[in-house]
Structure formats: C-alpha cells, structure tokens
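Enquirer: What follows is a single structure, and I will ask about it in a moment.
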Amino acid sequence: MALSTRLEMRQGQQLVMTPQLQQAIKLLQLSNMELGEFVDAELERNPLLEREETSAPAKAAEDAPEANGDGGGERSDESWLDLRRPVEDHAGSLDADFGNVFQSPGTGEPDTNGAMSGMSWASVTQRMHNHSDDEGDFESLAAAEVSLRAYLSDQVPLILQEPAERLIGQYLIDMVDEAGYISASMSNLAERLGAPLEMVEGVLAKLQTLDPPGICARTLAECLALQLKDQNRYDPLMARLLDNLDLLAARNLAALKKAVGADMDDLIDMIQEIKRLNPKPGLKFGSVQMQPVVPDVLVRAAADGGWHVELNSDTLPRVLVNRSYYTRISKTAANDKDKDYLLECLQTANWLVKSLDQRARTILRVAEQIVRQQDAFFMHGVQHLRPLNLKTIADAISMHESTVSRVTSNKYVATPRGIFELKYFFTSSIASSSDGEAHSSESVRFRIKQLIDAERADDVLSDDQLVDRLKTEGVDIARRTVAKYREALRIPSSVQRRRDKRLGERLGATI
C-alpha cells in the first residue's frame, strides 16, 4: 500500500472546557472557607480586582479610595457587585447549569451526624456576630497552647542525663500520638536506632514517669496501670482486673469476678475507680482545634407562617473591578504584551464576578427548594423528614442533578433546629406498611434511637422486636436494615445493652 499525503475535511462535535468554565464549576462546589482563600489569591494576582470592606454600596461609591497614589483613580458604578442584596436584584449575570459538564461527585447516603441542637435563631445569629466581632479575647490569643510533644520534651532533661538516652527519649516522644500512646514495637525501634533493646525499654520506663500520668503507654491496660501506680492504688487485684479488660468491656461481671478473685462489692469499687481514670491522657495537650461551621444559608420563620431563606452575607466575598484604573493604565501600556496582559486581567475579573454571582444564585435556589420540600421537618422535627433525592430538586429548579450535588457539598444551613449540611436533607425512602406515604430513612433512624433510649433493663428490645414496633407505626422495614441503622448509630446489640443497663444499675449510674 503506497503512502501519500492528502487533505480531508471532517465535521464533528466536542465539548471544550475553557479555563473560565472550569473556574465557574470549581467555585460552585467550594466551601465558604475555600472560596475565601480562592478570592484572596485572585486579589493578589489580579491588579484590577479589589475588595470592598464597607457594608453599603452607596457608601462605598462615595467613600471609595483612590485606585493609585496620585488620586486620579475612580471606580465605575457598573463594576460594583453586591452579593448581599437579594438575588433577584442582580440582572444580566451569568445564568447557566454546569451540571452535565463533569460527572457528578459521589452522592452516597447523607451524613447522619447532624443531630438537632435546639439552637434558636437568635442564638445562631448572635454566635455568628460574636465570631466576627473585632473585640476578641486577647488573653486567649496571647496564651499559646502547649503541644504534648513540647510539654514532654521540657521534662526530658530532668530524668535523662546521658546524651544517648536523651536522643532515644526524644525519638520516643516523637512517636507518641495525640492520645499519649506509643504504638511502635520497641524491638523495631531499637534496631532502627542501633541501640540495645534494654536501653530503649529503660528510657521508655523513665518517660512513663513523666506528667501527665499514663503517658507513653503502649496499651490501655498499661496506661491505666501507670495512673494507678501514680495514685498508689495498684495492687494484685487491680492488676488482674487490668489483665481482663476484655471481660469488663463485655460487661461480663460473672467471669470478671472469677478472674479477679474478688467479691462483687470490691469489684464494683474497682470498676468505679477505673472509670475515674483518663484513658487518653495526651488529648488535653495540643488538641486539634475544631473549625466552627459558618452556615452559607440562613433560614428563619416568616410572619406569614412560612420560611424566609437568605444567603449568609458573612460568607459572600465582595469584590469589584476597577475599570477606571484599567482605562488609565491601558493608555500608557508600552507594548502589545502589556495590553494583552491587562485585557486578560479584565476578562478574568469580569468572569470571576459573574461566577460568584452565579454561585450565590444557585445556592439560594437549591436551598429554597430544599426548605419547600422539607417544610414538615422545620415545623415538627426530624421524625417528619421526607424522602428526598437530587433529581427532585434538580427537576424543580430546572438544573442538572450533578449541579445540585455540587451545590450541596460542604454547604451548611442555619435553622431554628440547628445547623445542618445541605446533604443532610437528602435521604432514601422506606415504604409504608399501610400503603401510606413513604418514610425517610433518617426519620426511621431517629425513631429507632428513641425506642432504644426508652428501654428498661428488664425490657431490652431485640432487632426483631424493633421491626415489629416500627411496623405497628406504619414502617415496613427488614431486620437487617434495622441492624444496619443501629450499627450506624453506634448502638450495641440487645445482649450488650442488657449487660450495660444491669451494670449501670449496680454502679448507680448508666454506663
């Protein structure tokens, strides 16, 4: 077959992802903290973007600072974008559905950790205002928290004098996890350090005398034993009890009494003494600070009996494009390269403003539809949560399912019943046993927890009994589904719960 060159014309279709389109999709699924970081980076990179710190657009137009040092710069009114106004006031902004561009992220079963906190609307808004108040707690800022590693390292010179021991000691301290345990094998550490195993174990024994008591332990039993030795409460009976912690965890008092060799009264006293110990002594040093959740959407009751849904203005970045600065600088551009750079900055800034506007619009539209679909939840509680999926919301607002999925990821809503992730309201359905309306899986979980919490020690419900109770209430559910929901709620089996309640009665408190 002879090889030759020739020209051909072909017609085809393909989806081209421009950088601006990729940016719009990226902004849609960012959380409010990630969005703030992204906007800060754009403000540093783009000289035509500026942040407006004032609270009112009119005042911003009057008191706007100069664009440069010579005082000749002036911001154009058309460049102002106030995302704090109602979304309906924005005209001519980008209005597109990017849902079918990328495959929708994983939309597995929603998180069930969003329990109702009973937080009122006033407390939610007050907490948010306090969070942004300029009058902070300067004493807490000045007092830097000491990490566990630094706290232990400061004590090392007091117990270790030899340089080799200090080196081993510091290495072991670096191996301590945040709970205060060392999980590595001593023989492996000795081989890695090139030191005798006896020296490493001797250094570890000295480190275990440091404060707080129980630190540098390798097991839970060793941690509790160190604390008991510090209190001079470690005896042979207590040692045998610590050797059988698995029986204590299983609440098998009969087998534990036989293994320890003590009568029931002494055993109960020993268990109460162990309960007063700290199983994770390192957590009070340098614990990881939990980042408070700042809601993206605020929901409050309206005067007409409905719900008022609005965006949280504290999470919306306020940016403007300084067009007058662009006009003045572009006239003094020395060459085409500088002009192209300024034009690119202008286009990027304009697209960022439109993308932020589109993001705000979409979040509000999705949140309003969720509140409309889950009105019974906001009125009466989690037991009235309805089955809901992404397609229902997407069809109602004429958008793609993956767009709704991106919007609800890492977005939170503050309601009179607490702060919830938007994905919390998407739950699977469970059929009704009486041909009625289907039940939400989240409401069924809540009902299972209610039934178990109301148990008595002499009347603990098995999974089969829970199924029967739920069927009498109109919930058609299988036993394995009840077991799955119970395990997801971290509730032990009926046998374990019965032992816990009996032991709690004997100890005088619920375990």
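Enquirer: Rank-order 202-210, 400-408, 480-488 by packing density, defined as the average count of other C-beta atoms within 10 Å over each peptide's residues, highest first. Could the numbers behind the result be given before it?
Expert: Details: 202-210: 17.8, 400-408: 23.7, 480-488: 16.2.
Going by the mean number of other Cβ atoms within 10 Å, highest first, we get 400-408, 202-210, 480-488.
Enquirer: Can you tell me how much longer the chain between K331 and A376 gets when fully stretched, taken as 0.36 nm per residue apart minus their C-alpha distance, in nm with one decimal? Write out the running numbers ahead of the final one.
Expert: Details: separation 45, 0.36 × 45 = 16.20 nm, distance 6.03 nm.
So the chain would gain 10.2 nm between K331 and A376.
Enquirer: Let me ask you something else. What ranking, highest mean first, results for peptides 4-14, 343-353 when packing means the other Cβ atoms within 10 Å averaged over each residue? Present the calculation step by step, with values, prior to reporting the outcome.
Expert: Values: 4-14: 4.1, 343-353: 17.6.
Per-residue mean Cβ counts within 10 Å order the peptides as 343-353, 4-14.
Enquirer: Given a Förster radius of 35 Å and the C-beta distance between D468 and N389 as r, what FRET efficiency does 1/(1 + (r/R0)^6) yield to the nearest 0.05? Each step should come with its number before you reach the end.
Expert: On the way: r = 29 Å, r/R0 = 0.83.
It comes to 0.75.
Enquirer: With a/c under 1.5 counting as rounded, go ahead and sort the range 362-489 into rounded, prolate or oblate using the C-alpha gyration tensor (a ≥ b ≥ c being the square roots of the eigenvalues; past the cut-off, prolate if a/b is larger than b/c, else oblate).
Expert: Working: a/c = 2.43, a/b = 1.98, b/c = 1.23.
Prolate, since a/c reaches 1.5 and a/b exceeds b/c.
Enquirer: Lysine pairs in the range 179-284 with alpha-carbon atoms under 24 Å apart, 8 or more places apart or on different chains: how many are there?
Expert: Pairs that pass both the separation and distance tests number 11.
Enquirer: Name the lysines eligible as straight-distance cross-link partners of K449: C-alpha to C-alpha under 17 Å, and not fewer than 8 places from it in the same chain.
Expert: By straight Cα distance, K449 reaches K471, K484, K501.
Enquirer: Checking the cross-link filter: which lysines have an alpha carbon closer than 17 Å to that of K391, excluding same-chain neighbours under 8 positions apart?
Expert: Straight-line reach from K391, under 17 Å: K423.
Enquirer: Could you give the length gained on full extension between Q155 and L197, defined as 0.36 nm per residue of separation minus the Cα-Cα distance, in nm? Mind showing how you got there, number by number?
Expert: Numbers: separation 42, 0.36 × 42 = 15.12 nm, distance 2.27 nm.
Gain on extension, Q155 to L197, equals 12.8 nm.
Enquirer: Quickly work out the N278-to-D453 label distance, labels modelled 7 Å from Cα along the C-beta direction, and quote it in nm with one decimal.
Expert: 3.0
Enquirer: Within straight cross-link reach of K331, meaning Cα distance under 20 Å, which lysines are found once same-chain residues fewer than 8 apart are removed?
Expert: Cross-link targets: K339.
Any read-out appearing in this document is the output of simple, stated calculations on the displayed coordinates, not a laboratory observation. This is a predicted model, so every value here is computed, not measured. Here the Cβ is made from the backbone with ideal geometry for all residues, glycine too, and neighbour counts use every protein chain on show.
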